[in-house]
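A quick write-up on the structure given underneath.
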Amino acid sequence: MEKNQPIEAVILDLGGVVFGISIESIISAWAESAGVQPQDIAPKFRADLYYERFETAEVSPAQYRDHVRDKLGIRISDEDFDRGWNSIYLEVLPGIETLLKQLQKTVRLLALTNTNQIHAPIWRARYSDVLTYFEKIFASHEIRARKPDPESFRIVLDYVNIKPGKAVFVDDNPENVRAAEALGMKGIIADNPSETVQRVRQLVMETSA
């Protein structure tokens, strides 16, 4: 990877980077609808192959609902499923909107998120104000590729038409960050909102000096 290239684009994940998410909220909502305890179904819920295929639109919402209900052994309506599924979203993380507002003046801002057909309309509406800072949002179910698949990153890089070394990728999943770095991008693991904001700002400023 080339050193000290000016940063021209910052690519951010959304959930866990721009806004908070809570898997526990999903489990609690489903448990309440099904009349069971959260601890009865939590161990059964995993991001399995079916989940990954749902995020690339290979599995439909109806198929995914049925898969999860069967896997958890619960019988809830589609409406209760979606209500619980969409309860994952929390508030915009501290400092992120100020950072995006600042970065927008000097670099191109893109988002690359693993998501699905049920979630996407919800986060697009709930966070519509903060999402306006992004030039473009690449959603896995729309581009038919999900992180850490290298193709998902290449789609974004092709769009901005820059070398990987001129892009920063920020994600709360270390595996995704490592995949971006393997392509030559600069990576930042978002494990603390205030530290993430500081590290992104510092990296952009250092390379533009």
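The values are calculated or read from the model by the stated rules, or taken from the named source; none is laboratory data. All of these numbers come straight from a predicted model, not from anything done at the bench. Positions of Cβ are backbone-derived with ideal geometry, glycine not excepted, and every protein chain shown enters the neighbour counts.
Key figures
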{"item": "Residue ID - surrounded by the most Cβ atoms within 10 Å (Cβ to Cβ), chosen from residues in the range 177-195 that are charged (D, E, K, R) and part of a helix (DSSP H, G or I)", "result": "GLU181"}
{"item": "Unmet criterion (only one of (1) assigned to a helix (DSSP H, G or I); (2) over 30 Å from ASP78 (Cβ atoms); (3) within 13 Å of the chain's Cα centre (by Cα); (4) not basic (Lys, Arg)) for GLU151", "result": "(3)"}
{"item": "Considering residues of the range 139-165 that are buried (at least 20 other Cβ atoms within 10 Å of the Cβ) and polar (S, T, N, Q) only, the residue nearest to ALA47 (Cα to Cα)", "result": "SER140"}
{"item": "Residues that are within 19 Å of GLU58 (Cα to Cα), assigned to a helix (DSSP H, G or I) and touching a Phe, Trp or Tyr at 6+ places or on another chain (Cβ under 9 Å), drawn from the range 127-148", "result": "HIS141"}
{"item": "Failed item in (1) surrounded by fewer than 16 Cβ atoms within 10 Å (Cβ to Cβ); (2) part of a helix (DSSP H, G or I), with PHE81 passing the rest", "result": "(1)"}
{"item": "Any hit, the range 10-28, residues being of a type in the set (Asp, Glu) and touching a Leu at 6+ places or on another chain (Cβ under 9 Å)", "result": "yes"}
{"item": "Residue check, ARG46 surrounded by 18 or more Cβ atoms within 10 Å (Cβ to Cβ), within 22 Å of the chain's Cα centre (by Cα) and not assigned by TED's automatic domain parsing to the domain that holds PRO193", "result": "no"}
{"item": "Some residue of the range 163-176 being in contact (Cβ under 8 Å) with a residue 40 or more places away in the chain, among the aliphatic types (A, V, I, L, M), out of contact with any His (no Cβ under 7 Å at 6 or more places or on another chain) and in a helix (DSSP H, G or I)", "result": "no"}
{"item": "Residue check for ALA34: over 22 Å from ASP172 (Cα atoms), aliphatic (A, V, I, L, M) and either out of contact with any helix residue (DSSP H, G or I) (no Cβ under 6 Å at 6 or more places or on another chain) or modelled with pLDDT of 95 or more (or both)", "result": "yes"}
{"item": "Identity of the residue in the range 51-78, hydrophobic (A, V, I, L, M, F, W, C) and not in a helix (DSSP H, G or I), that ends up nearest to VAL36 (Cα to Cα)", "result": "ILE74"}
{"item": "Filter pass, LEU110 being under 16 Å from the mean Cα position of the chain (by Cα) and either more than 16 Å from GLY15 (Cα to Cα) or crowded, with 17+ Cβ neighbours inside 10 Å (or both)", "result": "yes"}
